[in-house]
Amino acid sequence: MTSATSVHTSKMPLSPNWSQALPTVPDARVKITEAYAAHVARDVFFWAWPLVNMYNRRLAFSKFKEFRYAGPLLEAPLNGLTMLTDYVNPEERNVACPNQDVVYGLGLLALDVSPVVIQVPDFGDRFWVYQIVDLRTDSFVQLGKMHGSTPGFYLLAGPDWQGDVPKGITRVFRASTRTALAGPRIFQDDTPEDKRAIQDVLTGIVMYPLADYDGRMKRMEWSKLPRIAGAPPGEVETRWVFPEKFFDELPAVLADAPPLPGEEARYAQVAAVLAAAKDNPKMKQAMIEAAKDAEEKLVTPLFQFRNYGQQLPHHWSTISNESAFGTDYFTRTAVAKSNILVNSPDETKYFYQDLDVSGARLNSDNRYRVTFPKDGAPPVNGFWSLSIYNEHHFFVANAINRFSVGTKNKDLKVADDGSLSIHVQADEPTDPVQRANWLPAPKGDFSLYMRAYWPKTAVTDGSWTPPAVIKA
């Protein structure tokens with residue numbers, strides 16, 4: 001008998017008569033039941049949740065007419081981006097699990113409107129990577145220090161673009177969807193000196209429609225952008241997916257992201273149900289109720305890191321197909337719900353933790369220690385960090401304005417035996433060594449999150465995993 005593991009890890013062979021299944025679609029003349037419509041609705045709500053999430057972010061950016069800062073948030077017109085000039089503000093609530101190791105940029109791409117040029121300045125020895133993903137949150141670009149990318153102009157094009165590539169473009173990256181997102185990430189030491197040093201290179205990170213390309217490197221003085229008051233920060237991530245609106249938005253979303261190979265029948269079934277419900281309010285309501293049920297029972301539990309992923313020693317978990325989800329609907333939705341917008345595995349490896357070594361929930365009522373033995377820090381070519389988030393996967397202000405520790409910190413104290421212990425607790429340690437290595441815990445339940453940027457083989461092949469979180 002074939003083991004369950006081998007079935008899961010091997011590719012399913014195509015049917016001998018595969019071509020006969022396509023492009024046959026459901027017969028639109030056939031009456032369908034509300035129960036069936038609800039069944040299809042529940043399924044599509046789960047697998048299309050990340051696509052609708054991304055599409056609604058594009059709609060939000062479509063309203064922006066200038067580059068500016070709105071409170072802690074970045075605003076830019078479609079097909080442009082705005083850069084921060086320092087670490088993300090801890091009050092940010094648009095994207096869960098931000099980090100405070102890099103200076104971020106953000107822009108939404110409408111590739112059906114125009115191809116886009118994105119500039120890469122000369123970063124010198126500084127670590128950098130541009131995350132650029134499509135509507136499915138899959139990466140379609142390789143731009144970063146680990147890829148050996150050179151300074152220059154790079155063209156981002158949609159699936160339908162048939163134009164000529166202008167002289168001077170270093171490389172063209174083509175998305176399979178019409179909507180995409182760009183998020184440059186530039187490493188910065190947590191020192192005043194490096195915060196000053198990074199400013200000049202940041203001005204060379206610019207993105208604009210192809211019509212604005214003239215072969216000359218443009219610059220933006222990000223520090224001089226307008227600043228307006230933003231909405232008061234909430235506790236949870238901005239909500240982007242609503243069951244009540246989901247099926248009205250879905251046709252445009254699926255048109256934006258044509259089916260992947262093997263998804264044709266799935267798309268056709270959804271289209272048939274949407275057509276049947278168009279003039280049937282009762283059926284439409286049954287679909288909405290099914291979506292609400294899916295949100296509560298399927299999607300929401302995936303916010304907790306411990307509910308998905310590859311299970312590692314000491315209750316850590318990880319994934320290995322980040323930003324390359326394809327038809328792995330479960331992992332794609334889990335990541336989109338808990339910490340959307342992750343880098344490719346050769347760019348960043350992520351490790352998630354909700355529990356201490358005994359399996360108890362991490363909570364600020366306790367003190368914890370995470371100890372890396374001598375030469376036992378994450379093996380990376382770039383940098384590593386250990387971040388801390390509250391129960392909603394966001395930063396909470398603390399007395400020393402510290403939300404992560406790692407390569408960026410130049411004052412961490414190594415023990416005589418070469419080990420490095422990070423002390424995770426709410427109260428300030430009295431011991432000066434522990435104080436130097438203190439990661440302040442927010443009130444209540446919290447999660448730890450380890451990043452290994454440009455990971456070495458030991459990280460990507462699983463031979464290195466994070467140390468236990470020990471209750472002191």
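Among the residues of region 402-414, is any farther than 30 Å from Pro72 by Cα, at pLDDT 95 or above and not in a strand (DSSP E or B)?
Yes, region 402-414 has at least one match.
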**OP:** Quickly run through region 81-106 and pick out the residues that are over 24 Å from Phe127 (Cβ atoms) and either of a type in the set (Lys, Arg) or crowded, with 20+ Cβ neighbours inside 10 Å (or both).
**Re:** Arg93
**OP:** Tell me, yes or no, whether region 395-417 has at least one residue that is touching a His at 6+ places or on another chain (Cβ under 8 Å), among the aromatic types (Phe, Trp, Tyr) and buried (at least 16 other Cβ atoms within 10 Å of the Cβ).
**Re:** no
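Which of the following residues is among the polar types (S, T, N, Q), under 16 Å from Met450 (Cβ atoms) and buried (at least 22 other Cβ atoms within 10 Å of the Cβ): Gln311, Gln353? Can you show your working first?
Details: Gln311 fails: buried (at least 22 other Cβ atoms within 10 Å of the Cβ).
Step by step, each of Gln311, Gln353 is checked, and only Gln353 is among the polar types (S, T, N, Q), under 16 Å from Met450 (Cβ atoms) and buried (at least 22 other Cβ atoms within 10 Å of the Cβ).
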Original post:
Out of all the residues in region 167-194, which are touching a helix residue (DSSP H, G or I) at 6+ places or on another chain (Cβ under 8 Å) and either without any contact (Cβ under 8 Å) to a residue 12 or more places away in the chain or among the aliphatic types (A, V, I, L, M) (or both)?
Top reply: Leu181, Ile186
Original post:
Tell me, which residue of region 433-463 that is touching a Lys or Arg at 6+ places or on another chain (Cβ under 8 Å) and surrounded by fewer than 20 Cβ atoms within 10 Å (Cβ to Cβ) is nearest to Thr348 (Cα to Cα)?
Top reply: Thr460
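Going through Gln119, Gln131, Gln142 one at a time, which residue ends up being farther than 30 Å from Leu250 by Cβ and either under 17 Å from the mean Cα position of the chain (by Cα) or modelled with pLDDT under 95 (or both)? Show your work before the answer.
Values: Gln119 fails: either under 17 Å from the mean Cα position of the chain (by Cα) or modelled with pLDDT under 95 (or both); Gln131 fails: farther than 30 Å from Leu250 by Cβ.
Exactly one residue qualifies, and that residue is Gln142.
Picking from Gly444, Gly418, which residue would you name as being over 21 Å from Ser317 (Cα atoms) and within 27 Å of the chain's Cα centre (by Cα)? Talk me through it step by step, then tell me what you get.
Working: Gly418 fails: within 27 Å of the chain's Cα centre (by Cα).
That would be Gly444, the only listed residue that is over 21 Å from Ser317 (Cα atoms) and within 27 Å of the chain's Cα centre (by Cα).
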Original post:
Can you tell me which residue in region 182-193 is surrounded by the fewest Cβ atoms within 10 Å (Cβ to Cβ), limited to those that are in contact with a Phe, Trp or Tyr (Cβ under 9 Å, 6 or more places away or on another chain) and more than 12 Å from Gln100 (Cβ to Cβ)?
Top reply: Gly183
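The values are calculated or read from the model by the stated rules, or taken from the named source; none is laboratory data. It should be emphasised that the depicted structure is a prediction, and the values quoted were computed from it without experimental measurement. So basically every Cβ, Gly included, is an ideal-geometry build from the backbone, and we count neighbours across all protein chains shown.
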